[in-house]
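These notes concern the structure reproduced below.
The values are calculated or read from the model by the stated rules, or taken from the named source; none is laboratory data. Predicted model, so just to flag it, every value in this text is computed and none were measured. A quick note on method: Cβ atoms are made from the backbone with ideal geometry, for glycine too, and the neighbour counts reach across all protein chains shown. Note: accessible area is taken over every heavy atom of the protein model, side chains too, but ligands, DNA and RNA are not part of it. Shrake-Rupley method; radii C 1.70, N 1.55, O 1.52, S 1.80 Å.
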Amino acid sequence: MPSKYDIHTDFAKFPVFTFKFSAPIVWLMNLLIRVTRWLGKRTFDLATENHTLSSADGSRFNVMVMTPHTLQRPAPVLLYYHGGGFALSYASNHLASCERYANEAHCVVVFVDYRLAPQHPFPCAFDDCYAALQWVVNESDSLGIDPSKIAVGGDSAGGALAAGVAQKARDEQLVTLCGQLLIYPVLDNSCSTPSATDFVDVPLWNAISNRRMWEMYLSRYAREATPPYAAPGHGDLRNLPLCYVETAEFDPLRDEGLNYIAALRAENTEVVVNETRRTIHGYDGNAKSSIAIQSMQERIQFLQKAFAPSSD
């Protein structure tokens, strides 16, 4: 760990490396992730159902519906979009977190296994994520969902997908969401903030990897082009739902998260902020850290707030 960063000892052993988004490396990383998931053979303390859905272009993708055993219906729902630079599959810790969101925020979680870049660059993953929201809205009765208590959420690249879905849902008047849970979200493809330029040697996720991710994800578009909903920090931030934004101090994405908070507040959107200190991107991979434990509690409290009965 570079000594110039005051990173907490809980995260000091995370490696410093720069990720290359070549197809062979992404394939190998996803193989390792899937093997790790399989070896874990996770057993859930809730009911799970798998569904295959259709995206805008007719492609198929899967969702897992996670439901607490004693949940009363109609129930709130969180659509969750995992992180991984738009290219990596979900890890065991994503499922563990969603199990906690379901059981402790007393909601259904729809976990979206969207298509991955570089084979499927933007808008594939985004279209899958939006199609999952459309499915939840259209099937709310059969799913036992309260359509007035639908939230979206995600970490890192999943945060970009959640924030973009929230903007499109507003634009198309699909549904009025009750909240968006954004955990160290990807928001700005310009990569021009101080943290996105300076943090070239921080652990796990650095500024160089971040730029490469955007080049890979937006490979169908000119460098100066930002397609709608791809980078939510450049979107229309009016009339968006209650929002939670979590940032990490030594994360290239830190400043775009802080900018997003300020921009939402300028539009009179209520924002719950969790600026974690001495942390790095993906710090909650060490789930036993007291900092990660506190952040999980704050996320669950936010969901409880978003799902609380309206005072109107």
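Starting from the Cα of GLN173, step 7 Å along the direction of its Cβ; do the same at GLU267; then give the gap between the two resulting points in nm.
1.8
Output the peptides 254-260, 45-51 sorted from most to least packed, where packing is the average of other Cβ atoms within 10 Å over each peptide's residues.
Descending mean neighbour count gives 254-260, 45-51.
What does the C-alpha gyration tensor say about the overall shape of the range 1-72? Classify as rounded when a/c is under 1.5, otherwise prolate if a/b is larger than b/c, or oblate.
Oblate shape, in that a/c is at least 1.5 and b/c is the bigger or equal ratio.
For a quick check: with amide H placed at 1.01 Å from N, whose amide H comes under 5 Å from GLY84's, ignoring anything fewer than 5 positions away on the same chain?
Residues meeting the criterion, in which the H sits 1.01 Å from N, are ALA157, GLY158.
For every helix of n ≥ 4 consecutive DSSP H residues, a contribution of -39,500 (n - 2.57) applies; sum these over the chain, divide by its total residues, and give [θ] at 222 nm rounded to the nearest 500 deg cm²/dmol.
Theoretical 222 nm ellipticity from helices: -11500 deg cm²/dmol.
Measure off, as a whole percent, the carbon and sulfur share of the 1.4 Å-probe accessible area of the chain, all protein chains present.
For the chain, the apolar C and S fraction of the accessible surface comes to 50 percent.
Give me the compactness ratio for the chain, meaning the Cα radius of gyration over 2.2 N^0.38 Å.
0.93
How many Å² of accessible area per residue for the range 1-129, probe 1.4 Å?
Here the residues of the range 1-129 average 49 Å² of exposed surface.
Along Cα→Cβ, 7 Å out, is where each label goes; now give me the distance between the ones at ASP201 and SER92 in nm to one decimal.
Using points 7 Å along Cα→Cβ, the separation is 3.4 nm.
By DSSP, what percent of the beta bridges with both residues in the chain are antiparallel, rounded to the nearest 5?
That works out to approximately 30 percent antiparallel.
Enumerate lysine pairs in the chain that are 8 or more residues apart or on different chains, then count those whose Cα atoms are under 28 Å apart.
Count of close lysine pairs: 10.
What trypsin sites (Lys or Arg not before Pro) in the range 31-69 are in a loop by DSSP, with at most 15 other Cβ atoms within 10 Å of the Cβ?
The qualifying sites are LYS41, ARG42.
Enter the accessible area per residue of the range 204-312 (Å², integer; probe 1.4 Å; all protein chains in place).
With all protein chains present, the range 204-312 gives 47 Å² per residue.
Please calculate how many Å² of accessible area the range 163-203 carries per residue, with a 1.4 Å probe and no DNA, RNA or ligand atoms counted.
The answer is 30 Å² per residue.
Based on the mean of other Cβ atoms within 10 Å per residue, sort peptides 274-280, 262-268 so the most packed one is first.
Result, highest mean Cβ count within 10 Å first: 274-280, 262-268.
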